[in-house]
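All of the numbers you see were taken from the coordinates with simple rules; none came from a lab. All of these numbers come straight from a predicted model, not from anything done at the bench. Don't worry about glycine lacking a Cβ; one is built from the backbone with ideal geometry, like all the others, and counts go over all protein chains shown.
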């Protein structure tokens, strides 16, 4: 199912820098100022949506968000089906999840703000179990997985970043979140150390983290990972005891 969402966001931004008030400015002095401005922004996200065969309005379903790599960016959602869950769904595999697979625009990086808007839209309009929302991604999507979870650590029940990395200075906020990390030992695109650093910090913080390293794999550590039913069995077992407000 091909979908697009459009949103108009109105934001109030406050800062002590700049001036849009009528306060008098006096040269040679430092004065307090307030900037208050209304900003309108349109957000568009193209995405693939999969609903389980038994989807209905009588129960809640887990949600799996999949973030593709840099090679699948653009305006053609067929490219999103090249790897991961969308590829498996296209070949006939059934999942017990609602699967949402957005496409990142050409020459851009994953927008965490846009992904948050997308998740809010799906949760509002479909029968999503808010205690069982998961995210996984490969390469650029692996980085996006880390970043999204760090930004909204209370939103997800589990994450599985593949051949990605992130800000290890912030990752300890995920110490209470089940994390399963995957990487190829011979990856010459995103070095193994990128994932190792994240895992080390999480382990030191007492986090619930698993790390699978494929000794002979290069950058493509996602094919074996997404073909492994244990990943989805692990996801479905994870459930948050609390959700975002």
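Worth pointing out:
- Residue tally, condition over 14 Å from residue 55 (Cβ atoms), in contact (Cβ under 8 Å) with a residue 40 or more places away in the chain and outside any loop (DSSP other than H, G, I, E, B), over segment 82-111: 7
- Scanning segment 55-65 for residues that are in contact (Cβ under 8 Å) with a residue 12 or more places away in the chain and out of contact with any strand residue (DSSP E or B) (no Cβ under 6 Å at 6 or more places or on another chain) yields 55, 56, 57, 59.
- Filter result (farther than 22 Å from residue 187 by Cβ and either buried (at least 23 other Cβ atoms within 10 Å of the Cβ) or without any contact (Cβ under 8 Å) to a residue 60 or more places away in the chain (or both)) within segment 144-165: 151, 153, 156, 157, 158
- For segment 66-101, the set of residues classified as touching a strand residue (DSSP E or B) at 6+ places or on another chain (Cβ under 9 Å), surrounded by 13 or more Cβ atoms within 10 Å (Cβ to Cβ) and over 14 Å from residue 226 (Cβ atoms) consists of 73, 74, 77, 79, 96, 98, 100, listed by residue number.
- Matching residues in segment 121-154 - criterion: being out of contact with any helix residue (DSSP H, G or I) (no Cβ under 9 Å at 6 or more places or on another chain) and assigned to a loop (DSSP other than H, G, I, E, B): 126, 127, 154
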